[in-house]
Amino acid sequence: MDSKNINRISDPEVIAKIITKHFKARGKLRLSTAAGDIKADTMMVDNDHFARYFLVDALPRLVGATLEEEEEIEISGTIASLYSWFRTQELNPIVEDGERYYEIPYPDTLYQLQRRGAFRTTLPPRLKPTITGQIENTDIEVESHSFDAILENLSATGAGMIVSGKTASLLREGAKLCKTRIRVTKILDVTVDAEVRNSRPGRGDGELILGLEFLRLPNKDAQTITRAVMELQRQILAAID
């Protein structure tokens, strides 16, 4: 990933505010080995702004035992719609009233992808969000490759999608997508052109999460997508409440 697309945050108060905001939003985090071969998702269950640490729920037994033995682990997640991460050498198990948690100190440095120009919301899997289309090929002698992916997030100016297999091997930064249909059950059905702007490892083996920017988007379609993003956010907040 290009370093110019990453914010490096070292101000302790800014870091504390970001983590506290994530806790108040009932934030989820991923804990993984530095190599990313062992990983598990968990949820923040407590946060101490002044003592500068937070607690996350216990991990599956075998994964937790492996991560506890690691010299360094990576903590990552989407915080305020921005992919964020840091590494730590402290994963401290705590047992309270028979329940097991992990205490993690605030980092000295937190990394985030650059802020986007439009609010982006994550798509709940229950809505079965999909994105399909064609990878544009400038070589007329080579057949275009169609793709079928999971829509992970959406904004008025772009989207994120999860790909694997042959599609993941073909799509890199700068790839153009045409006749790209975005569908979210009962909320959105729109066709756009797009360009791949960034990529990062996904949750499963061989998966990539690709960031897309919409191209030549008509105002009507932009307004349709914006309304869909607002409706999705309303549903997400209603589910939290």
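The values are calculated or read from the model by the stated rules, or taken from the named source; none is laboratory data. Bear in mind that the values here come from a model prediction, so they are computed numbers and not experimental data. Quick reminder, even Gly has a Cβ in these numbers, built from the backbone with ideal geometry, and neighbours come from all protein chains shown. When the accessible area is computed, the model is the full protein with side chains, heavy atoms only, and any ligands, DNA or RNA have been set aside. Shrake-Rupley method; radii C 1.70, N 1.55, O 1.52, S 1.80 Å.
Residues in the range 1-70 average 61 Å² of solvent-accessible surface per residue, probe 1.4 Å, ligands and nucleic acids excluded. Residues whose amide H lies under 5 Å from that of ASN47, counting only those 5 or more places away or on a different chain, are LEU55; hydrogens are built 1.01 Å from N in the peptide plane.
Neighbours of ILE209, meaning other residues whose beta-carbon lies under 11 angstrom from its beta-carbon, give a summed charge of 0 when Lys and Arg score +1 and Asp and Glu score -1.
Remark: for residue pairs LYS166/LYS220; LYS24/LYS186; LYS39/LYS128; LYS128/LYS220, the C-alpha separation exceeds 27 Å in LYS166/LYS220; LYS24/LYS186. With 5 Å bins beginning at zero, the pair-distance distribution over Cα atoms of the range 116-235 amounts to 2, 12, 23, 26, 19, 12, 5, 1, 0, 0 %. For THR88 and ARG203, the difference between the fully extended length at 0.36 nm per residue and the C-alpha to C-alpha distance is 39.4 nm.
In summary, the range 122-185 shows an alpha-carbon radius of gyration equal to 1.16 times the 2.2 N^0.38 Å reference for compact globular proteins. Taking the 1.4 Å solvent-accessible surface of the range 1-99 as the whole, the part contributed by carbon and sulfur is 47%. Could you work out [θ]222 nm for the chain from helices alone, using -39500 (n - 2.57) per DSSP H run of at least four and dividing by all its residues? Round to the nearest 500 deg cm²/dmol. One gets -6500 deg cm²/dmol as the mean residue ellipticity at 222 nm. Between ARG216 and ASP41, the contour length at 0.36 nm per residue exceeds the Cα-Cα span by 59.3 nm. Here the alpha carbons of the chain define both size measures, Rg and Dmax, at 19.3, 67 Å. Gain on full extension, evaluated as 0.36 nm per residue between GLU68 and LYS21 minus their Cα-Cα distance, stands at 14.3 nm.
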